[in-house]
1. Please report the relative contact order for the chain, taking Cα pairs under 8 Å with a sequence separation of at least 6, and give it as a percent rounded to a whole number.
2. Tell me, what is the FRET efficiency for ASP108 and ALA300 to the nearest 0.05, using R0 = 22 angstrom and their Cβ-Cβ distance as r?
3. Over all distinct alpha-carbon pairs, what is the Kirkwood Rh of the chain in angstrom?
4. No solvent, one uniform scatterer per C-alpha: report log10 I(q)/I(0) for region 90-233 via the Debye equation at q = 0.08 1/Å, two decimals.
5. How far apart, in nanometres, would the label points at THR245 and THR54 be if each is projected 7 angstrom from Cα along the Cα-to-Cβ direction?
6. With a 1.4 Å probe and all protein chains left in place, how much accessible area per residue does region 18-315 have, in Å²?
7. Which Rg and Dmax, in Å, describe the Cα atoms of region 155-297?
8. In Å, what is the Rg of the alpha-carbon atoms in region 52-141, and how long is Dmax?
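The values are calculated or read from the model by the stated rules, or taken from the named source; none is laboratory data. The structure presented is a predicted model; accordingly, all values stated were derived computationally and were not measured. Note: ideal-geometry Cβ built from the backbone for every residue, glycine included; neighbour counts use all protein chains shown. Remember, those area values only see protein heavy atoms, side chains included, never the ligands or the DNA or RNA. Shrake-Rupley method; radii C 1.70, N 1.55, O 1.52, S 1.80 Å.
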Amino acid sequence: MKHFVTGLIAAAVLATGAQAQQKIVVGHALSPTSHYGVGAQAFIDTLTELSGGTFTGEQAPAGQLGGERDMIEGLQIGSLDLVITSTGPLGNFVPEIFALDLPFLFRDYDHARAVLDGEIGQELLAKIGENNLVGLAWSENGFRHITNSQRPVTTPADLDGLKLRTMENKVHMTAFSGMGAAPTPMAFPELFTALQQGVVDGQENPVTVITASKFWEVQKYVSLTGHVYSPAAVLASPILIDGLTEEQKGWFMEAAKASAAATRAEVNRLEEAGVALLRENGMEVITDIDKAPFAALAEASYSVYTDQYGTEMVDRIKAVE
Ligand code: EAX
């Protein structure tokens, strides 16, 4: 609530001047220099520019305002304006989104981006809009890989008994149970300490997050399993958006697109440079992985989505060139 109220007071005070001004708070889980940080700044800069300074903004990075689930709830009650979040907890609010979390569904970055930038992406943003949230744009986290402190993981058998932090997402948890790990769902802000203290042995995240969070300080091995593509969404509070004029809504849409583009560019950069960075920081990177046995065991998680919605969306996603 604090930021919303602060925003209102700032707007009221400044309304007595030449032009009302409103500061938008953009929450995310990672560091200000991460791919989300870059995207948050692009949002703020674009919005400020398009609005001629009527709107300004600031980042609330590193889970300052809670985990991704907490921040999404913040949007719904209007205590937070904008969030850049993985889809990890989003399916708990908009179950159709679980389709995007299915393992080994997206072939590569081009495929994922084509799906999200096309008809399917638009449909899913609209679904978000039916659940007391506003989906402004699809941004990106990246293909996820497994890290751990115990042993090199090259086959599913190596996951046996490994306590692995997953996102609070039942598709992911079912997938990792199927692959033989012991999934432990946890909000991201708790993860570094949990790894440090050995509460969990491992976790899975894209190179972007592993580098932004310096997981090499607490993890030895990274296996490039690329087991699931992790989209991110630029979400806004409906309470904020409903109060805007059509012109202002357009600025927010444009700013969200600029944010997603900046984040994707940073994902591209880190996909190029990231593995060397992991090695430089002492991680053992296992690149030669046969994905087929992981995929076969993770298949069970598809029913979390298809039992409710059938296979149509999955087939449509696969068919996108
Ligand atoms: O959105 O929770 C997670 O592992 C996410 O990938 C991370 O917070 C970035």
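1. Relative contact order of the chain: 26 percent.
2. Here the calculated transfer efficiency is 0.40.
3. When all Cα pairs of the chain are included, the Kirkwood radius is 20.0 Å.
4. Debye output, listed in q order: -0.22.
5. 0.5
6. Per-residue accessible area for region 18-315 comes out at 37 Å².
7. Every Cα atom of region 155-297 included, Rg and Dmax give 18.1, 56 Å.
8. Cα-based Rg and Dmax for region 52-141 come out at 14.1, 44 Å.
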